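Peer 1: Here you go, one structure.
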Number of protein chains: 2
Amino acid sequence: MLTFYYVPHTCALATHIALEEAGADYTGLRMNFADEDQKQPDYLAINPKARVPSLVTERGILTETPAILIYLCQLYPAANMAPLDDPFALAQVQSFNAYLCSTVHVAHAHRMRGHRWTDDPDAQAAMRAFVPQSVGEGFQMIEDTMLQGPWVMGADCTVCDFYLFTLAQWLDGDGVDITTLPKIHDHFKRMAERPSVARALAQEFA
Amino acid sequence: MLTFYYVPHTCALATHIALEEAGADYTGLRMNFADEDQKQPDYLAINPKARVPSLVTERGILTETPAILIYLCQLYPAANMAPLDDPFALAQVQSFNAYLCSTVHVAHAHRMRGHRWTDDPDAQAAMRAFVPQSVGEGFQMIEDTMLQGPWVMGADCTVCDFYLFTLAQWLDGDGVDITTLPKIHDHFKRMAERPSVARALAQEFA
């Protein structure tokens, strides 16, 4: 049994989709940033970084999306969510996930989490104004050089697809028109049709 | 045979240390940001993100430090650089590496790469001024909640240690006094004594 802590509209959705794709036995616990659930002592004992997702397992607690995603691939190999038996192909999956977490998600975070990098309101506003450009460049790089098609890694749907879909949901709010990114737009529509995605979203917004 | 592209003073050092620890058969190719080597067409054909590290293998090219590090662990299992046979322990390694790439390295990058997130010089200056706080908080989190000791993951030295050492080298320039972080300071000194680190640094600054 796994316990999964998440907040709607966050990168935790990628883990949520993976749990659904795997048919995992898990309990999802929804939190709310508006109430600062993530800063309460009970949650800080689980994740002192005050972020989501967190996954509580029989062995202990895991945080950080790229780590949790590969762990779920290993825990549920029958779900075939990553090329676990091919170190090079797995490294390509990891490279993609690392780009999302360290570049694309970070660019997005400058819209609403500028306080992480400055306490100057004017500078935070300047960061916000730049988000369409920085997020747009990150997705353009994916469009032009990474998304093999039909799925990110080619023929097989992997955790990269769950993660890309999760961040692509933010494009409209980030001021990037997804229709200017035809491969990503097509990918987004196909991901949205997966039953696992519908189930994860239904839980998050129930 | 592997070909490794790096720039001194960057996160590529973590990969360089791993290559040395593994006794890998590789050629290191030094580049220079001052000459904008990373933006030349020959290099963009290798890594369109115009960043380092890049690792050229017989199967293809890999980028992004967390991905390359785990790949090297798998390519050289005898070097015992990660707990490959224990998915949960491996996920802990990956979680640590993800924190470094998505939070700690990103905080540091606001000192000299603010142009990634705003074109406003005043906002870039505000970001620079905040780096001691944001980088300091990231390292304090590692000091308080992650570094098990003597190595990051406990008894065994892993790629997490190479990566932490690499980013800890930047603390002085980031305005953070490493002596205020006793576990990280002790770790830094022990890492600096490893022959692999000496060899990697000697090559980078030869």
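The values are calculated or read from the model by the stated rules, or taken from the named source; none is laboratory data. Every value quoted in this text rests on a predicted model; they were computed, and no experiment measured them. For neighbour counting, all protein chains shown are included, and Cβ atoms are generated from backbone atoms with ideal geometry for every residue, glycine included.
Peer 1: Identify the residue in region B:122-163 that is charged (D, E, K, R) and in a helix (DSSP H, G or I) and, among all such residues, is nearest to the chain's Cα centre (by Cα). Spell out the reasoning first.
Peer 2: We begin by selecting, within region B:122-163, every residue charged (D, E, K, R); these are B:122, B:128, B:137, B:143-144, B:156, B:161.
Imposing the further condition that a residue be in a helix (DSSP H, G or I) reduces the set to B:122, B:128, B:137, B:143-144, B:161.
Values: B:122: 29, B:128: 20, B:137: 18, B:143: 17, B:144: 20, B:161: 9 Å.
It comes out as B:161.
Peer 1: Right, something else. Among the residues of region A:156-179, write down those that are over 14 Å from residue A:104 (Cβ atoms), crowded, with 24+ Cβ neighbours inside 10 Å and among the polar types (S, T, N, Q).
Peer 2: A:158 - this is the single residue of region A:156-179 that is over 14 Å from residue A:104 (Cβ atoms), crowded, with 24+ Cβ neighbours inside 10 Å and among the polar types (S, T, N, Q).
Peer 1: Please state which one of A:99, A:71 is part of a helix (DSSP H, G or I), of a type in the set (Phe, Trp, Tyr) and outside the structural domain of residue A:155 (by TED's automatic domain parsing).
Peer 2: A:71
Peer 1: I've got another one for you. Any idea which of A:29, A:19 is away from every other protein chain (no Cβ under 12 Å), assigned to a strand (DSSP E or B) and among the hydrophobic types (A, V, I, L, M, F, W, C)? Before you say what the answer is, go through the steps one by one.
Peer 2: Working: A:19 fails: assigned to a strand (DSSP E or B).
Answer to the check: A:29.
Peer 1: Looking at region B:42-68 only, could you name the residues that are facing another protein chain (nearest Cβ under 8 Å) and not in a loop (DSSP other than H, G, I, E, B)? Steps first, please.
Peer 2: Of region B:42-68, the ones facing another protein chain (nearest Cβ under 8 Å) are B:48-49, B:57, B:59-60, B:62-68.
Answer for region B:42-68, where residues must be facing another protein chain (nearest Cβ under 8 Å) and not in a loop (DSSP other than H, G, I, E, B): B:62, B:63, B:65, B:66, B:67, B:68.
Peer 1: Could you say whether any residue in region B:98-108 is farther than 29 Å from residue A:57 by Cα and in contact (Cβ under 8 Å) with a residue 24 or more places away in the chain?
Peer 2: yes
Peer 1: A follow-up question, please. Residues A:89, A:82: which one is more than 8 Å from chain B (Cβ to nearest Cβ) and surrounded by 23 or more Cβ atoms within 10 Å (Cβ to Cβ)? Talk me through it step by step, then tell me what you get.
Peer 2: Values: A:89 fails: surrounded by 23 or more Cβ atoms within 10 Å (Cβ to Cβ).
After ruling out the rest, the residue left standing is A:82.
Peer 1: Output the residues belonging to region B:74-96 that are within 15 Å of the chain's Cα centre (by Cα) and either of a type outside the set (A, V, I, L, M, F, W, C) or not in a loop (DSSP other than H, G, I, E, B) (or both). Walk me through how you get there before you give the answer.
Peer 2: Step one: of region B:74-96, the residues within 15 Å of the chain's Cα centre (by Cα) are B:81, B:93-96.
Passing the criteria: B:93, B:94, B:95, B:96.
Peer 1: To continue, here is another question. Please find, within region B:108-120, the residue that is nearest to residue B:172 (Cα to Cα) out of those that are facing chain A (nearest Cβ under 7 Å) and part of a helix (DSSP H, G or I). Spell out the reasoning first.
Peer 2: Restricting attention to region B:108-120, the residues satisfying the condition of being facing chain A (nearest Cβ under 7 Å) are B:110, B:116-120.
From what's left, part of a helix (DSSP H, G or I): B:110, B:116.
Values: B:110: 15, B:116: 23 Å.
My answer is B:110.
Peer 1: Shifting gears a bit: For the structure I just gave you, tell me whether residue B:123 is farther than 21 Å from residue A:53 by Cβ and facing chain A (nearest Cβ under 7 Å). Talk me through it step by step, then tell me what you get.
Peer 2: Numbers: farther than 21 Å from residue A:53 by Cβ: yes; facing chain A (nearest Cβ under 7 Å): yes.
Answer is yes for this residue.
Peer 1: Do you know which of the residues in region A:52-74 that are surrounded by fewer than 18 Cβ atoms within 10 Å (Cβ to Cβ) and of a type outside the set (S, T, N, Q) is nearest to residue A:35 (Cα to Cα)?
Peer 2: The extreme case among them is A:61.
Peer 1: Given the criterion at pLDDT 95 or above, farther than 18 Å from residue A:11 by Cβ and in contact with a helix residue (DSSP H, G or I) (Cβ under 7 Å, 6 or more places away or on another chain), identify the matching residue among A:155, A:82, A:168, A:123.
Peer 2: A:123 is the lone residue from the list that is at pLDDT 95 or above, farther than 18 Å from residue A:11 by Cβ and in contact with a helix residue (DSSP H, G or I) (Cβ under 7 Å, 6 or more places away or on another chain).
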